[in-house]
Amino acid sequence: MAKKLHIKTYGCQMNVYDSERIAEVLSPLGFVPWDTTDGADMVILNTCHIREKAAEKVYSELGRLRKQKEAMAADGRRMVLAVTGCVAQAEGEEVLKRAPYVDMVFGPQTYHRLPQMVAEATRASGQQLDTDFPEESKFDALPQDRTVDGATAFLAIQEGCDKFCTYCVVPYTRGAEYSRPAGAVLSEARNLVQAGALEITFLGQNVNNYHGEASDGSTWSLARLIREAAEIDGLERLRFTTSYPAEVDDDLIAAHKDVAKLMPYLHLPVQAGSDRVLKAMNRNHSVDEYRALVDKLRIARPDLALSSDFIVGFPGETDADFRATLKLIEDVTFIQAYSFKYSPRPGTPAALMDLQIDEAVKTERLAELQAVLNAQTLAFNAACVGKTLPVLLDRTGKKPGQLIGRSPYMQAVVVNTSEPLMNRIVDVTITSAGPNSLLGTLEKDNQKACA
Ligand code: SAM
Ligand code: SF4
């Protein structure tokens, strides 16, 4: 009999990818995806440790699940409760102590061992912990066949991080940088296309530092991988995220110019606009270097739209430092951005730095920064009105007859249509724009970029 599996995913796209792969690993054991935690035979929380709030959410969700698990047990059924992701990796023992009703804790590098863990959890009643960084790569043990929900897919090509930004837990939770072999990536990309993907996003914590071994023993860069993947018949769009500015090389810049399938949208986190702060963050690039890089990218691909990550209230950030970040945003312009209050994370150097910033100051700075960023998003969206954009429709909207898709610039575009256009790329003329989405009508006109 099919067993119901509910996976709740927190955090970044890498976690989304991992959750999809976990479901694939468990499918041969009879687990089928289930939309809610109600009545689920197994619930997995795939967690994020990047900020304190993200980690704390996990414990409150576990408290809620405890009640469901107990109610099921009273009914003679068992809910296997598991925690994975970066909280599991960083504080596995702590999770088992704080939530003794959790059956399994496993890290992001060991989910290929899940069939064995599930068998043991079903047989025995003790808790299981597996947060190794195993010698073998999980990728070699994962199923070859991929399933695609809709027409877009993530593909992890690189994992881990050796950069050690002073605020960040990723190098500790995801381990050392590792690039998958080029052949394995291309084969997974072909499988995804065969399963219906029109768009693939290559993922990595430092995706542009990809250096995968090819079958002839040579090492491929991200640019080489993009050029080869673009040759796959049926694949229409390529993206990659997240990039580390100091590792963007000339070949990657050239790929933005030469490879039509590479979308004109780049997530390029800068974090701050003050050299002093960037140095304390150990970011390995200056503000001017970032500006020069953006100029080069825009010369190569004039319609390139940028998004970024920002942290406000890093220890020692003065008002002048913060103003410098605002100035950078005004000069560069971003069509989208993620911005956060600095959150001290245990075990990271910045958590021990002097001059931690007051919460109220962080809140004020974040609001000011987000107002500027939101205005830039709205201005970019408004500039698209009247333009025709190719949109990959892959979701139904809230209202009957509505389909939603993504423009090349990752904007959500809503169209009203009765035609069967799901999972197709169609030309849409934009008729109105809001901060979070665009509305358009189907057209057969030529594509034009927003500017
Ligand atoms: N590797 C990517 C990079 O270098 O930009 C980002 C990875 S991290 C998962 C995503 C974002 O979380 C970072 O870019 C940063 O802005 C934010 N972040 C990481 N640690 C943080 C912390 N301690 N407090 C606030 N934001 C943090
Ligand atoms: Fe974290 Fe820095 Fe690595 Fe990005 S580059 S994952 S921010 S340590």
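Every number in this text was worked out from the coordinates using simple rules, so none of it is lab data. None of these values were measured; they are calculated from a predicted model. FYI the Cβ positions are ideal-geometry reconstructions off the backbone, even for glycines, and counts take in every protein chain you see.
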Hey, what did the range 187-304 get for relative contact order, percent, Cα under 8 Å, at least 6 apart? 23
Taking ASP132, ASP18 and counting other beta carbon atoms within 10 angstrom, the fewest-first order is ASP132, ASP18
Please give the charge dipole size of the range 43-125, origin at the Cα centre, charges +1 on K and R Cβ atoms and -1 on D and E Cβ atoms. Round to the nearest 20 debye. 200
For the range 354-408 and the range 1-64, distance of Cα centres in Å: 27
Which whole DSSP H helices in the chain pass both tests: a Cα extent of 24 Å or more along the axis and a mean Kyte-Doolittle value no lower than -1.0? 52-74, 359-383
Once you charge only the Cβ atoms, +1 for Lys and Arg and -1 for Asp and Glu, what is the size of the charge dipole of the range 353-416 about its Cα centre, to the nearest 20 debye? 620
With the Cα gyration tensor of the range 253-395 giving a ≥ b ≥ c as the square roots of its eigenvalues, does the rule (a/c under 1.5 for rounded; else a/b larger than b/c for prolate; else oblate) give rounded, prolate or oblate? prolate
Let me spell out the model: positive unit charges on the Cβ of Lys and Arg, negative unit charges on the Cβ of Asp and Glu, origin at the Cα centre of the chain. What dipole size does that give, in debye rounded to 20? 1100
With a Förster distance of 35 angstrom and the Cβ-Cβ distance between GLN116 and ALA246, calculated FRET efficiency to the nearest 0.05 equals 0.30
Set of the range 270-290 residues, backbone N closer than 16 Å to the point 7 Å along the Cα-Cβ line of THR318: 273-280
Hey, can you rank 279-290, 412-423 by average C-beta count inside 10 Å, highest first? 279-290, 412-423
What value, in deg cm²/dmol to 500, does the helix sum -39500 (n - 2.57) over DSSP H runs of n ≥ 4 give at 222 nm once divided by the residues of the chain? -11000 deg cm²/dmol
The range 291-350 versus the range 152-201: alpha-carbon centroid distance in Å: 23
Kirkwood hydrodynamic radius of the chain from all distinct Cα pairs, in Å? 23.4
From the Cα gyration tensor of the range 1-135, with a ≥ b ≥ c the square roots of its eigenvalues, which class applies: rounded if a/c is under 1.5, or else prolate if a/b is larger than b/c, or else oblate? rounded
Ordered by packing density, taken as the mean number of other Cβ atoms within 10 Å over each peptide's residues, highest first, how do 431-440, 400-409 rank? 400-409, 431-440
Percentage relative contact order, the chain, counting C-alpha pairs under 8 Å, at least six apart: 9
For the range 327-451, what class follows from the C-alpha gyration tensor (a ≥ b ≥ c being the square roots of its eigenvalues): rounded when a/c is under 1.5, otherwise prolate if a/b is larger than b/c, else oblate? prolate
Could you list, in their original order, any pairs among LYS69/LYS97; LYS279/LYS362; LYS138/LYS261 whose Cα atoms are separated by more than 26 Å? LYS138/LYS261
